[in-house]
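Reviewing the structure listed below.
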Amino acid sequence: MFSRSLILIVLMILSGCKSNDAPDWEYVHPELRPYYEDFLKIVGDRANKGETVYIQFSTNLPQGVLGIAFGMDANVTHIQINAHSWLRMTKYQKRMTMYHELAHDLLDWEHDNGTLLMVKGMPRYVDQTTINTITKELKNGW
């Protein structure tokens, strides 16, 4: 936990206000990059990436936590996705998890904001209809 906090503090110090300009530094795990790029296409210039973008897998997240967005309301995008849970998710659950965490960091959306995307916890059944609904929510700014 200390190392994650330290990384976030350093990233915040290096940053000012969030911006939708190209970040100064960006790392997105190759397996997660397609979700990140699709999300950016959906939300367009409303995405506030900040000066640094760091999206990775983690094997240290607590059981039941699918992902964490550390950069909400900060000038960074720092997301960790639970590597163990990822292996058991369907393609639809993966997309919903990534869009959920990206909405926290890039749009500053909070849980339970009235959208399906931002409910706490993964819905029991996620399919293409679910993805269509959350994509509309992102396009419309909820």
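What follows draws every value from the coordinates through simple rules; no lab data is involved. Keep in mind that this is a model prediction, so the values were computed, not measured. All Cβ positions, even for glycine, are placed from backbone atoms using ideal geometry, and neighbour counts span all protein chains on display.
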- Lysine pairs within the chain, Cα separation less than 22 Å, 8 or more sequence positions apart or different chains: 19
- Give the label of the value calculated from the structure for Cα extents along the principal axes in Å, choosing from (1) 40, 33, 27; (2) 46, 33, 24; (3) 80, 57, 33. (1)
- Note on the structure: Ranked from fewest to most other Cβ atoms within 10 Å of their own Cβ, 115, 77, 133, 59 fall in the order 59, 133, 115, 77
- Query: Got the relative contact order for the range 2-140 handy, in percent, Cα pairs under 8 Å and 6 or more residues apart?
  - Reply: 23
- Query: If you build a Gaussian network model of the chain, linking Cα atoms that sit under 10 Å apart, which residue out of 78, 100, 111 swings the most?
  - Reply: 111
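So how do 95, 124 line up by other beta-carbon neighbours within 10 Å, fewest first?
Going from sparsest to densest Cβ surroundings: 124, 95.
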- Counting only DSSP beta bridges fully inside the chain, the antiparallel percentage to nearest 5 is 20
- Item | GluC sites (Glu not before Pro) restricted to the range 70-137 and DSSP loop, no more than 13 other C-beta within 10 Å | 110
- Message: Which one, 87, 117, 40, has the greatest fluctuation when you compute a Gaussian network model over the chain with C-alpha springs under 10 angstrom?
- Response: 87
- Task: List 112, 127, 105 from most exposed to least, where exposure is judged by having the fewest other Cβ atoms within 10 Å.
- Result: 112, 127, 105
- Message: For a quick check, take a GNM of the chain with Cα springs below 10 Å and name the residue from 76, 126, 43 with the largest mean-square fluctuation.
- Response: 126
